1. Determine, yes or no, whether residue 155 is more than 30 Å from residue 97 (Cβ to Cβ), outside any helix (DSSP H, G or I), touching a residue at least 40 places away in the same chain (Cβ under 8 Å) and touching a helix residue (DSSP H, G or I) at 6+ places or on another chain (Cβ under 6 Å).
2. I'm told residue 247 meets every condition in (1) surrounded by 11 or more Cβ atoms within 10 Å (Cβ to Cβ); (2) closer than 28 Å to residue 51 by Cβ; (3) under 24 Å from the mean Cα position of the chain (by Cα) except one. Can you identify the failing condition by its number?
3. Mind telling me which of the residues 274, 262, 270, 266 ends up being within 15 Å of the chain's Cα centre (by Cα), exposed (fewer than 13 other Cβ atoms within 10 Å of the Cβ) and over 17 Å from residue 128 (Cβ atoms)?
4. When you go through (1) without any contact (Cβ under 8 Å) to a residue 12 or more places away in the chain; (2) more than 23 Å from residue 135 (Cβ to Cβ) one by one for residue 67, which number turns out not to apply?
5. Look at residue 120 and say whether it is assigned by TED's automatic domain parsing to the domain that holds residue 31, at pLDDT 95 or above and either in contact with a helix residue (DSSP H, G or I) (Cβ under 7 Å, 6 or more places away or on another chain) or closer than 21 Å to residue 11 by Cβ (or both).
6. Taking the condition of being crowded, with 16+ Cβ neighbours inside 10 Å, modelled with pLDDT of 95 or more and closer than 11 Å to residue 112 by Cα, how many residues in the range 1-27 meet it?
7. Is it fair to say residue 115 is out of contact with any strand residue (DSSP E or B) (no Cβ under 9 Å at 6 or more places or on another chain), modelled with pLDDT of 95 or more, surrounded by fewer than 21 Cβ atoms within 10 Å (Cβ to Cβ) and farther than 18 Å from residue 262 by Cα?
8. Can residue 46 be described as crowded, with 21+ Cβ neighbours inside 10 Å, outside the structural domain of residue 239 (by TED's automatic domain parsing) and at pLDDT below 95?
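The values are calculated or read from the model by the stated rules, or taken from the named source; none is laboratory data. Remember, it's a predicted structure, so these values are computed and weren't measured experimentally. Because the Cβ atoms are built from the backbone with ideal geometry, glycine has one as well, and the counts that use them run over all protein chains shown.
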């Protein structure tokens, strides 16, 4: 454990300015009572949201809403941002030493967090797979918001990490048929290898009961809206930041009573709030992650020291795969 003049040291990823990512050394506070020191094993990049933060695409009016307790700096830069880290507790309450935990924390090789914020990872979930937990919470919330039912036909537009997890969860529902589409032929090939029915956007025909949009593009949202039938629901999972979004609503949208539903992971659907909270949802997520099929959703691995280069590539292109795993 690195110490300089008796002070605990850590290295973290910062977005120094729009389009510029760097690793910084910083000092950590001593571990107070009720807190713990976590040595990082893995963290997951959320390519859609983190790319927008990296490029300066966060609207000022949501700065406060998007901030979380362990974020560093401000969205006006510099900023330290990320929210899916898996590590091992090495200091803190005696009964927790050695536990593998998941924390909503930026990319950092060690961190000091409240013990209550370090969620224990079940023994049946490998630490690598546990890095999917934050994205899985988003997928679970989306399916709750959709009110997906047995026997329905669902379309998933956009096969990134969120779209792929939504598709995997839908696939486990009895009698529910899932079709995946993406404009990227490589992602469609990957979807096919993972066992999904995958079609090019131009080949998606018929009428779906519901659709999940996770492509991050207005064209993908339009496709989802056009392909649902009477009173069809479209769950919007893409976040556009400061980017404007245009839709054509003059055709079937009104006469067929179609719906666009917003889904956001920070809040539970109203009908769940009497019996659920965020901790109970996270317990559900880790029960779901006991399924080894989710290992195939981790498609890229990078050493922590190479993170600035990964984000440099995000400047000119969207992430080509699903989950990006950072290895410490």
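1. Details: more than 30 Å from residue 97 (Cβ to Cβ): yes; outside any helix (DSSP H, G or I): yes; touching a residue at least 40 places away in the same chain (Cβ under 8 Å): yes; touching a helix residue (DSSP H, G or I) at 6+ places or on another chain (Cβ under 6 Å): yes.
So residue 155 passes the test.
2. Failing condition for residue 247: (3).
3. On the way: 274 fails: within 15 Å of the chain's Cα centre (by Cα); 262 fails: within 15 Å of the chain's Cα centre (by Cα); 270 fails: within 15 Å of the chain's Cα centre (by Cα).
Going through 274, 262, 270, 266 in turn, just one is within 15 Å of the chain's Cα centre (by Cα), exposed (fewer than 13 other Cβ atoms within 10 Å of the Cβ) and over 17 Å from residue 128 (Cβ atoms): 266.
4. Checking residue 67 against (1) without any contact (Cβ under 8 Å) to a residue 12 or more places away in the chain; (2) more than 23 Å from residue 135 (Cβ to Cβ), the one that fails is (2).
5. No: the conditions fail for residue 120.
6. The number of residues fulfilling the criteria is 1.
7. On the way: out of contact with any strand residue (DSSP E or B) (no Cβ under 9 Å at 6 or more places or on another chain): no; modelled with pLDDT of 95 or more: yes; surrounded by fewer than 21 Cβ atoms within 10 Å (Cβ to Cβ): yes; farther than 18 Å from residue 262 by Cα: yes.
So residue 115 does not fit the description; no.
8. Working: crowded, with 21+ Cβ neighbours inside 10 Å: yes; outside the structural domain of residue 239 (by TED's automatic domain parsing): yes; at pLDDT below 95: yes.
When the stated conditions are applied, residue 46 passes them.
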